[in-house]
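See structure below.
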Amino acid sequence: MKKRPDKRIATILALLILVLPGALSARERRGAKLVITLKDGQTVSGELIAVKPDSLLLFAGKDESVDLVAIKSIRIVKKDKALLGAICGLLAGDAAGIIYGKSRPEEELAGLSVLLTIPAGALIGAGAGLLAGKDKTIQLEGKPESEVGKALAYLRGKARIRDYK
């Protein structure tokens with residue numbers, strides 16, 4: 001009796017359902033980790049608590065307010081997602097290889113195609129994870145007021161307290 005790919009895919013999905021609820025559980029919202037470069041060359045880093053009209057409120061052991069006029073650039077530090085991307089790519093490559101291999105059992109290279117799609121999927125997924133985890137830098141120095149306003153609106157969405165008044 002042949003083993004159908006449907007059973008293997010169903011098993012993978014069942015395992016994902018068991019693993020994901022822990023990652024999706026409710027917890028306190030965290031602000032983005034920022035590294036702010038000031039016009040005098042100093043750097044300030046910490047978690048973004050709130051975006052005020054004239055400053056950013058950070059938490060770095062203690063609350064610290066940084067005036068917008070003193071900021072040269074802001075780097076938003078993102079978590080590395082290469083491992084997550086590699087795992088997702090590995091699963092996608094495995095599923096694609098199984099489906100392709102089972103659809104063409106008469107071909108001699110069907111088994112080889114399964115073996116090649118697994119690492120290829122992992123590499124593509126790791127690359128996508130690296131791109132998704134790349135830090136974003138926002139330049140404020142020399143920008144018009146409208147662009148600074150857009151940057152602050154973007155940062156407001158990344159803050160722990162989004163609707164700070």
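The values are calculated or read from the model by the stated rules, or taken from the named source; none is laboratory data. Quick caveat: nothing in here was measured; it's all calculated off a predicted structure. Please note: Cβ atoms are built from the backbone with ideal geometry, for glycine as well, and neighbour counts cover all protein chains shown.
One table, with the values for the structure above:
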read-out: Options Leu56, Leu38, Leu34, Leu16: the member that is within 26 Å of Lys134 (Cα to Cα) and either surrounded by fewer than 10 Cβ atoms within 10 Å (Cβ to Cβ) or modelled with pLDDT under 85 (or both); value: Leu16
read-out: Matching option when the condition is modelled with pLDDT under 90, of a type outside the set (Ser, Thr, Tyr) and more than 23 Å from Asp6 (Cβ to Cβ), among Ala110, Ala86, Ala92, Ala96; value: Ala86
read-out: Considering residues of the range 59-73 that are without any contact (Cβ under 8 Å) to a residue 24 or more places away in the chain and among the charged types (D, E, K, R) only, the residue surrounded by the fewest Cβ atoms within 10 Å (Cβ to Cβ); value: Lys62
read-out: Residue that is surrounded by the most Cβ atoms within 10 Å (Cβ to Cβ) [pool: residues in the range 127-158 that are free of Cβ contacts under 8 Å to residues at least 40 places away in the same chain and assigned to a loop (DSSP other than H, G, I, E, B)]; value: Lys143
read-out: Yes/no for Ile76 being of a type in the set (Val, Ile, Thr) and not in a helix (DSSP H, G or I); value: yes
read-out: Lone qualifier among Ile49, Ile76, Ile87 - being surrounded by fewer than 16 Cβ atoms within 10 Å (Cβ to Cβ), β-branched (Val, Ile, Thr) and under 21 Å from the mean Cα position of the chain (by Cα); value: Ile87
